[in-house]
Amino acid sequence: MPIRSMTGFAQAKGQVNGAAFSISIKSVNHRFLDLHFRLPSNTDALEMSLRRILKEKLARGHVDVSLSFEQGGSATLALNKQLVAAYVQAFRAAAVEAGLAAEPDLNAVLRLPGALDSAAAPAEEELTPAVVSAVEHVLVQLNRMREEEGRGMERELRERMASLQAACTEVRKHRNTVLKTYSERLKSRMQEWLGASIEPDRILQEAALLADRSDIQEELVRLENHVQHFLGLLEAEGETGKKLDFLLQEMNREANTLMSKTSGLSGDAVRITEAGLAMKSDIEKAREQVQNIE
């Protein structure tokens, strides 16, 4: 499955028993699959069917599903008498209990969900098959749009990874010079310690510590491995957005460590710092893209 963006929109129209309807799905990025429905009242079974289909076709994203009926010039609204009567009765009972002389506001009553339904709206058992069929068509359009945007994101991410790899190659060119600088520092420190009659074991400990701090080979190897893993995930099936984001966090950590090991040095070490800053810039730009990958 190609890389998919979490952003998209698609819409379809249909008819059932002479009633025209419109179904639309809009999705944006989200950490999980977050479904929201705007459906006519008394369509619980339809909502459950739509939830099942969406969970099969989508992995992540904030998704809004809207179903509406298109009313002609002669369209009428039907009063849900049972619901309105129940509300009025409850209001009056509450007023008596509170000792208040009050009557419910009809405008407020009619704004209740389900108080007014389209007279043209078909029964749920007739509506569900038609809407489910339309939603499957809408999902094909939606995922096609998300895949098209995903292809553009993938191209940019591959460019970022190529830039990171080039920065690693640049750092390797200057690594030996940096090691030589640290080696000269170490010799100078050791001469000072020897002149100060410091214990030989202490000198060895400090020498080992400085040597470990000076070499950036491990950071380079891990960075390059992360880049290859990242490129592999771009070819992988299923949900990859979270994995790609985690890898970029690891890359950023290695770039920070690499820069901290070469801070305070002059000469070619400055080139490493510049390459490290370029790495961090590429990683941050890649993260901006990855945040919207399913």
Worksheet item: Which residue pairs have Cβ atoms under 8 Å apart, sit 6 or more places apart or on different chains, and have a first residue in segment 31-43 that is farther than 20 Å from Lys57 by Cβ and a second that is among the small types (Gly, Ala, Ser)?
Response: Pro40/Ser118; Pro40/Ala121; Ser41/Gly114; Asn42/Gly114
Worksheet entry | Among the candidates Leu234, Leu277, Leu265, residue that is surrounded by 16 or more Cβ atoms within 10 Å (Cβ to Cβ) and either at pLDDT 90 or above or among the polar types (S, T, N, Q) (or both) | Leu234
Practice prompt. Give Val227, Val270 a once-over and let me know the one that is aliphatic (A, V, I, L, M) and farther than 29 Å from Ser5 by Cβ.
Written response: Val270
Item to complete: Tell me which of these Leu248 doesn't satisfy, since it passes every other one: (1) among the hydrophobic types (A, V, I, L, M, F, W, C); (2) closer than 14 Å to Cys168 by Cβ; (3) surrounded by 20 or more Cβ atoms within 10 Å (Cβ to Cβ).
Response: (2)
Worksheet entry | Single match in Ala94, Ala45, Ala75 (criterion: within 25 Å of Ala123 (Cα to Cα) and modelled with pLDDT of 85 or more) | Ala45
Worksheet item: Would it be correct to say that Val63 is outside any helix (DSSP H, G or I), modelled with pLDDT of 80 or more and farther than 28 Å from Gly18 by Cβ?
Response: yes
Worksheet item: Can you spot a residue in segment 283-291 that is hydrophobic (A, V, I, L, M, F, W, C) and in a loop (DSSP other than H, G, I, E, B)?
Response: no
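The values are calculated or read from the model by the stated rules, or taken from the named source; none is laboratory data. Please read all numbers here as calculations on a predicted model, not as lab measurements. We place every Cβ from the backbone using ideal geometry, glycine too, and count neighbours over all the protein chains shown.
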